Amino acid sequence: MYQKTLLAVLAAAALSSVQAQTASDAPAAVQNAPAAESFGQKATSFLDSITDTVKNWADKTPGEVDKYSQELKEKWPGIKDQFKEKWQQGLEKGGEAKDQVTKWMNDTFSKERMDKAETWINNFKAGTEEKVIDPLVPYLLSMRYPNPMDEWQAGYRKTVNVQVKGLETPLTVQLPISWDVSQDLNANGTTLMTWRSESGDGPYAVSLISTPEGATVDSIMAGLEKDKPGTTAKKLGNSQIKYLEYPVTSESKNAVTYYAVPLEDKTILLAAEITKKSDQTELQLQEAMQKAQPFFALLAQSVFVKQQ
C-alpha cells in the first residue's frame, strides 16, 4: 500500500520541522486544458432532456431516503455497466440512442425518481439552497461527468467541514457533489477522512491526513522525498502549498500525489489517488494522474480554516 510507511515519514518530518508556515491569502488558480469530449459529455443532451416527466413528487421520509440511497450504492456497479452498454447500443443505431437510453433510465429508476433528481440538479444550478441531496443526483452527475474536473467546472460542488486536532475551528474542503465518504484507504491511523468519486465507488479519491504537531510544508516534503529517492517536491503556483508525485511502478495499485497545505499553525497533508484499473498499464495510470493534476490542485487550494 502506498501509505505503508507514511506514519514513519510524518514522524520524521515533525522531528526536522521549523515553525509552521501560513497559507497565502489567494493561491493562484490552476488552468486546465480543454478536455476531450467524454462519454459523459455525449450523454448530457439526453440527461438534460429528462425533465417534466411526472409532477407532484411526494417527499420521502428520512428512512425511505436512506434505504433508497443504500439500494443505489449496492446496484451502482451494475447500473454503470448497463448504462455504458445501452449507450453504446444506441450509438450503433444512430438516432435511437436518446430514446433507448432514456427508456432504460426511466425503467431503472422510475420517472418519478428521475424527475425529482433532475429538479434537484436544476434548483442547485439556479442557486436554490438544497439541504438534502437527492440520492439519485450523485449517480446522474457521475454518468454525466466521468471526468471530475468537468463536474467541478460545471459548478456542482459541495463544502465539507472537518474538525482537526490542532485547529480551533474546522477546516473546509470543496468536493464534487457526486463524491462520497469512503474509508477504504489505510494510512496506519493517520487518515482523517477519505472521499471517493462515483458516490464512493469510483477510481478517484482524496484523503485528508493528520500530521504531527510542528510539522511544516518543507519538513513533510523532505520526509516524502527521502521515502522515495529521486522525487522532488514542487511549489503549487504562487501558493505556499507544495506537492510531490509518487512514481508509478509495476507493483503500484494506484497513482498518488501528496499536497502539503499550511493552515494557520497546522499543516495538513492531502493524498490524491487514482486506483489502477485491471486493464491499465503503468504508463496509462501515470498519464491519468498527470491529466488529473489540475483538478487535484484545485481541491488542495480549496482547503482552508473555517472562520467562526
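Among the listed pairs Lys67/Lys158; Lys75/Lys235; Lys125/Lys242; Lys165/Lys291, which are separated by more than 31 Å between their Cα atoms?
Numbers: Lys67/Lys158 22 Å; Lys75/Lys235 41 Å; Lys125/Lys242 33 Å; Lys165/Lys291 33 Å.
Result: Lys75/Lys235; Lys125/Lys242; Lys165/Lys291 exceed 31 Å.
Taking the full set of protein chains and a 1.4 angstrom probe, give the accessible area of Ser250 in square angstrom, rounded to the nearest 10.
80
Any chance you could list P(r) for segment 148-305, counting all Cα-Cα pairs in 10 angstrom bins from zero, rounded to whole %?
Histogram of Cα-Cα distances, whole percents per bin: 11, 41, 38, 10, 0.
Tell me, what ³J(HN,Hα) does each residue in segment 110-120 have, in order and in whole Hz, if you take phi through Karplus 6.51 cos²θ - 1.76 cosθ + 1.60 with θ = phi - 60° and put x for Gly and Pro?
Residue by residue, segment 110-120 yields 6, 5, 4, 5, 4, 5, 5, 5, 5, 5, 4 Hz.
Ordering Asp66, Asp201 by accessible area with a probe of 1.4 Å, largest first, what comes out? Can you show the working numbers first?
Numbers: Asp66 105, Asp201 75 Å².
In descending accessible area the options line up as Asp66, Asp201.
Label-point separation (nm) for Thr231 and Asp66, each offset 7 Å from Cα along Cα-to-Cβ?
4.0
Kindly state, to the nearest 0.05, the FRET efficiency for Ser110 paired with Lys291, given R0 = 45 Å and r defined as their beta-carbon distance. Each step should come with its number before you reach the end.
Numbers: r = 36 Å, r/R0 = 0.80.
In this case the efficiency is close to 0.80.
Explain nothing, just compute: Karplus ³J(HN,Hα) = 6.51 cos²θ - 1.76 cosθ + 1.60, θ = phi - 60°, for every residue of segment 205-217 in order, whole Hz, x for Gly and Pro.
Using θ = phi - 60°, the values come out as 8, 9, 10, 8, 10, 5, 10, x, 4, x, 5, 10, 4 Hz.
Length gain on complete extension for the stretch Met193 to Gln174, per 0.36 nm per residue less the alpha carbon to alpha carbon distance? Can you show the working numbers first?
Working: separation 19, 0.36 × 19 = 6.84 nm, distance 1.32 nm.
Additional length available on full extension: 5.5 nm.
Can you compute the FRET efficiency between Lys253 and Arg157 using 1/(1 + (r/R0)^6), with r the Cβ-Cβ distance and R0 = 35 Å? Round to the nearest 0.05. Each step should come with its number before you reach the end.
On the way: r = 28 Å, r/R0 = 0.81.
According to the calculation, E is roughly 0.80.
The values are calculated or read from the model by the stated rules, or taken from the named source; none is laboratory data. Source: prediction; values computed, not measured. Because the Cβ atoms are built from the backbone with ideal geometry, glycine has one as well, and the counts that use them run over all protein chains shown. For the accessible areas, the whole protein counts, side chains as well, though only heavy atoms, and no ligand, DNA or RNA atoms are used. Shrake-Rupley method; radii C 1.70, N 1.55, O 1.52, S 1.80 Å.
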